[in-house]
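Single-structure report; data block below.
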Amino acid sequence: MLSDGTLRLEQLSSAHLQGLADLGHDVDVQRYTYVPSPWEEGFENTWLARYEQGHAEGTRAGFAIVDEESGDFLGLAALVHIDHQGNQAEAGYIVAPQARGRGVAQRALQLLTGWALDDLGLARVELRITADNPASIRVAERSGFAREGVLRSVHLKQGIRTDVAVYSRIAGDER
């Protein structure tokens, strides 16, 4: 468990299934992430199973973002792919609609990135953000991630191709 005193990241478990399902039904989550759209009923179980398997294999790390005071589920922060050979990971975050605009994504991303760089000893953490998602881009930039460029027409969802901005933090970056 990781905490900054306001929120904590706890390993995803069956206790978070309803929160994951709620995230999956959100229009913005469907638009900007790789979750199925339209949402497939029960996909939260598949989602959790992927993170449980990835945790066991060391290839993923999924955390629920939880309010320290209330215990409310606020979203998901994850290393969606850990590349041990390359000593790097791709990170992602999704904040529940009721928690948006409160700095939750930035706090969670900072906790996750610090853990990845310091505790796991990774050299690089990368974000891939749909280029037309200004809120997520602000989170990346405020969290000290450097914009590396744009992968043009790389994300295909529902027959529509979109650009993806790539951001990174490396172990030597200032925090």
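The values are calculated or read from the model by the stated rules, or taken from the named source; none is laboratory data. For clarity, every value in this text was computed on a predicted model and none was experimentally measured. Note that we place each Cβ from the backbone using ideal geometry, even for glycine, and neighbour counts take in every protein chain shown. Heads up: the accessible areas ignore ligands, DNA and RNA and are worked out on the full protein's heavy atoms, side chains in. Shrake-Rupley method; radii C 1.70, N 1.55, O 1.52, S 1.80 Å.
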Exercise. Give, in nm to one decimal, the length gained when the segment between N87 and E10 is fully stretched (0.36 nm per residue of separation minus the Cα-Cα distance).
Key: 25.4 nm
Practice problem: Figure the gain on full extension for D67 and L151 (residue separation times 0.36 nm, minus the Cα-Cα span) and round it to one decimal in nm. | Solution: 26.8 nm
Practice problem: May I ask what percent, to the nearest 5, of DSSP beta bridges between residues of segment 52-175 are antiparallel? | Solution: 90
Exercise. Using Cα pairs closer than 8 Å and at least 6 residues apart in sequence, work out the relative contact order for the chain, in percent.
Key: 18
Self-check item: Listed residues E90, E41, E68, most fluctuating in the chain (Gaussian network, C-alpha, under 10 Å)
Solution: E41
Exercise. Using a Gaussian network model of the chain whose springs link C-alpha atoms within less than 10 Å, name the residue from L17, L120, L74 with the highest mean-square fluctuation.
Key: L120
Quiz item: Rolling a 1.4 angstrom probe over the protein heavy atoms, how many square angstrom per residue are accessible across segment 1-88?
Solution: 52
Quiz item: Most mobile of R124, R50, R142 per a Gaussian network model of the chain (Cα springs, under 10 Å)?
Solution: R142
Quiz item: Which percent of the accessible heavy-atom area of segment 64-175 goes to carbon and sulfur, probe 1.4 angstrom?
Solution: 46
Practice problem: Please tell me the relative contact order of segment 1-97 in percent, rounded to the nearest whole number, where contacts are Cα pairs under 8 Å and at least six residues apart. | Solution: 28
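Going by average Cβ density within 10 Å per residue, which order do the peptides 154-160, 135-141 take, highest to lowest? Mind dumping the intermediate values first?
Details: 154-160: 11.3, 135-141: 18.3.
So the order, starting with the most tightly packed, is 135-141, 154-160.
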Quiz prompt | Residue among Q18, H55, L127 farthest towards the positive dipole end of the chain, charges placed on Cβ | solution = L127
Practice problem: Averaging sequence separations of C-alpha pairs under 8 Å and six or more residues apart, then dividing by the length of segment 135-175, give the relative contact order as a whole percent. | Solution: 39
